[in-house]
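*Asks:* Below is one structure. I have some questions about it.
We did not get these values from a lab; they are worked out from the coordinates using the rules stated. Note that this is a predicted model, so its numbers are computed, not measured. Reconstructed Cβ throughout: ideal geometry from the backbone, glycine too, with neighbour counts over all protein chains shown.
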Amino acid sequence: MFKKILIANRGEIACRVIKTARRMGIKTVAVYSDADRDALHVEMADEAVHIGPPAATDSYLVIDKIIAACKRTGAEAVHPGYGFLSEREAFPRALAEHGIVFIGPNPGAIAAMGDKIESKKAAARAKVSTVPGHLGEIADSKHAVRIAREVGYPVMIKASAGGGGKGMRVAHDDAECEEGFGSARSEAKASFGDDRIFIEKFIVNPRHIEIQVLGDKHGNVIYLGERECSIQRRNQKVIEEAPSPLLDEKTRRAMGEQAVALSKAVGYDSAGTVEFVAGQDRSFFFLEMNTRLQVEHPVTEMITGIDLVEQMIRVAAGEPLAIKQAEVKLNGWAVESRIYAEDPYRSFLPSIGRLTRYRPPVEGPLGTGTIRNDTGVFEGGEISMYYDPMIAKLVTHAPTRLEAIELQAQALDAFTIDGIQHNIPFLTSIMQNKVWRSGKLSTGFISEEFPDGFIARVPAGDDLETLIAVAAAIDHQGNARRRAISRQMSGPAVRFASHRVVTIGALARAVQVEGQIGNPTLVTLLGDDGGRQKTLTLVSAFWPGEPMWQGTIDNRPISIQVRPILNGHDLAYRGIAARTHVYTAREAEMAALMPAKAAADMSKFLLCPMPGMIKVLHVAEGADVKAGDPLAVVEAMKMENVLRAERDGIVKSVKAKAGESLAVDAVIMEFA
């Protein structure tokens, strides 16, 4: 077994590999760019080597720098994680020339499967079901349109060297095909250094299901069940689960056997994933094979009890698989949410900055389930514009699917992040979605369930009562604490009115609050006539100033994010964002008379929606634009974002230049 390995990656996956290596008694070496000098993976590793500037093309993607770091530290093997160099055939070949072991598949398997075009040809030869399409080289956008017409719209435009949703577009007509081809090609070049594109038929209402395979250097290959990854946005997976609610045992076996047959055909010898697009009738077609560890591998680990990183290391060291196919058992259900630094209220635009507060839920057993959080950040750390915006992967495991979903909802509620925008409100909202909970999914889930983008859930029913009760309890405890500190207005002759009015937006609800510090708080919801309707018993160790109210309401565990505002609190719970105020009856009357502050009119300006670089300016001063016309392309976190005109107009002036880096809300252009 190896004594020391180097992880040629960063962030949560580098931390993930370090944890397993440490458990196996293997020392680790981290590599880092200027932007990652203070990163968590650098702190966790036994040694760390600086490899260059922030841009990945000058650091994490430079093979010679990785090899030099191995020689400098004496690392015997390299784990590539995912992304970066993990699927570059040249990387393991270069390592081998220097006597360094690659903890991943052999170069031949990477060459056969890493190229999306060649992998489809190999799959067809292995008699694996494939999606109709054009696998040849595509010269330009006009050629792409001709091919798309032959295949038949809608089509999927994909980068041959792609992955992670980058370099992918869906086109429904010639115009979308022409524009999508250009964007996909540019994005592929920037992300992978390879601008080859292919086109295939887009399966309507599809599901994305993948099979985890594991092979060794002795010809043994097994499959470890499936993962469903249908909850996607812009072809980027958001929520994954294992197993899939679609498959029965017969289909699972058929997909697994095809995945194993393909793996054996190319001599695969590590952890890998064979991806399929599946119809609602359980028909399935090969999409691609990822010759690396997948981002979503934890859900497979949770239901099988198999550490995939450990298996990769043992296989690379020459050990035969100790697991037989008949020994693979699927236990319970696991759900993973990808927590990203992005603003769901602004079309999921990237958010960068410092994590002023980062408090994940406590990991480990909880009731009949388990919580796991894979992360590469820490409180006080910075989310950089140079890399993927992932903050963490939150995983829950329980005996049944609905129990795993409910535990995931609880864990998301208990996850505190401040300093940047994040997608937790969106994720918690999905956990309450009836379609998601039913398991009747497709890759169109997000666009169908959130056609107008993400809008916070409107509080109603039990959720509304929960928020009202917690707002009242926080206010009550704060008032009691202030009176206790001041030691004024105390004694048996002093009485305080227990009636309050809680406002959430335009809603006002009268309540009666009772209870002393350290004791349960009783919140009684009152009717319009002042009559008692319902009394809730709240128990919590919450102290004013804490970022989260955690406790029980009528013995039901509750976690609610709490942020103080002027004369109130912002509460976040189950995808609901509620601005709350607690008043006396007279204060509520006065507050209702206060005029609302009008926001400044910025409709005549195109603002930069995120920190990023202006990649392209499509229009110049004086241009006449129509609603939907592309105005500019902003590149941030390895993704290109097209900014379009919201209405017809004339460009009065252009304030930015191509290649210029802008802050969020910087003015790009002004309209007449």
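*Asks:* Let me confirm the definition first: pairs of Lys residues in the stretch 1-143, 8 or more apart or on different chains, C-alpha distance under 29 Å. How many are there?
*Replies:* For the stretch 1-143, the number of qualifying lysine pairs is 18.
*Asks:* I want to verify the translational diffusion coefficient of the stretch 405-518 in µm²/s; compute it with Stokes-Einstein, Rh as the Kirkwood radius over Cα pairs, at 25 °C and 0.890 mPa s.
*Replies:* D, rounded to a whole number, is 139 µm²/s.
*Asks:* What is the distance in Å between the Cα centres of the stretch 582-645 and the stretch 59-87?
*Replies:* 42
*Asks:* Which residue, chosen from 332, 316, 356, occupies the Cα position most advanced towards the positive end of the dipole of the stretch 287-374, where the dipole is computed from +1 (Lys, Arg) and -1 (Asp, Glu) charges on Cβ about the Cα centre?
*Replies:* 356
*Asks:* For the stretch 207-449, list log₁₀ I(q)/I(0) at each q in 0.10 Å⁻¹, using the Debye formula over Cα point scatterers of equal strength and ignoring solvent, two decimals each.
*Replies:* For the stretch 207-449 at q = 0.10 Å⁻¹, log10 I(q)/I(0) is -0.48.
*Asks:* To continue, here is another question. Say a site is exposed when it is one of the GluC sites (Glu not before Pro), sits in a DSSP loop, and has at most 16 other Cβ atoms within 10 Å; what is then the longest site-free stretch of the chain?
*Replies:* The longest such stretch corresponds to 380-620.
*Asks:* Check which residues have an amide H placed less than 5 Å from residue 287's amide H, if you skip close sequence neighbours.
*Replies:* For residue 287, the qualifying residues are 275, 276, 277.
*Asks:* Could you tell me what % of all Cα pairs in the stretch 509-626 have separations over 23 Å?
*Replies:* 55
*Asks:* Kirkwood Rh, Cα Rg: Rg to Rh for the chain?
*Replies:* 1.00
*Asks:* Moving to a separate point now. Sequence neighbours fewer than 8 away in the same chain don't count; with that in mind, list the lysines whose C-alpha is under 23 Å from residue 324.
*Replies:* Straight-line reach from residue 324, under 23 Å: 217, 250, 264.
*Asks:* Can you list the lysines whose alpha carbon sits under 30 Å from that of residue 655, skipping same-chain ones fewer than 8 residues off?
*Replies:* Correct list for residue 655: 166, 189, 597, 604, 615, 626, 638.
*Asks:* Next up: Beyond 17 Å, what share of the Cα-Cα pairs of the stretch 214-265 remains, rounded to the nearest whole percent?
*Replies:* Value for the stretch 214-265 (Cα pairs over 17 Å): 48 percent.
*Asks:* Using the Karplus curve 6.51 cos²θ - 1.76 cosθ + 1.60 with θ = phi - 60°, what ³J(HN,Hα) values do you get for each residue of the stretch 275-291, in whole Hz, with x for Gly and Pro?
*Replies:* Karplus-based 3J(HN,Hα) across the stretch 275-291 equals 9, 10, 9, 10, x, 5, 8, 6, 5, 8, 9, 5, 9, 6, 10, 9, 8 Hz.
*Asks:* Let me ask you something else. Beyond 13 Å, how much of the Cα-Cα pair distribution for the stretch 605-671 remains, as a whole percent?
*Replies:* 57
*Asks:* Quick one, can you get me the convex hull of the C-alpha atoms of the stretch 167-238 expressed as volume per residue in Å³?
*Replies:* 144
*Asks:* Can you tell me the relative contact order of the chain? Whole percent, Cα pairs under 8 Å, sequence separation 6 or more.
*Replies:* 9
*Asks:* For a quick check: with amide H placed at 1.01 Å from N, whose amide H comes under 5 Å from residue 230's, ignoring anything fewer than 5 positions away on the same chain?
*Replies:* The list, which skips near neighbours in sequence, is 208.
*Asks:* Over the Cα atoms of the stretch 132-201, each weighted equally, I'd like the Debye log10 I(q)/I(0) at q = 0.12, 0.13, 0.18 Å⁻¹, rounded to two decimals.
*Replies:* -0.23, -0.27, -0.53
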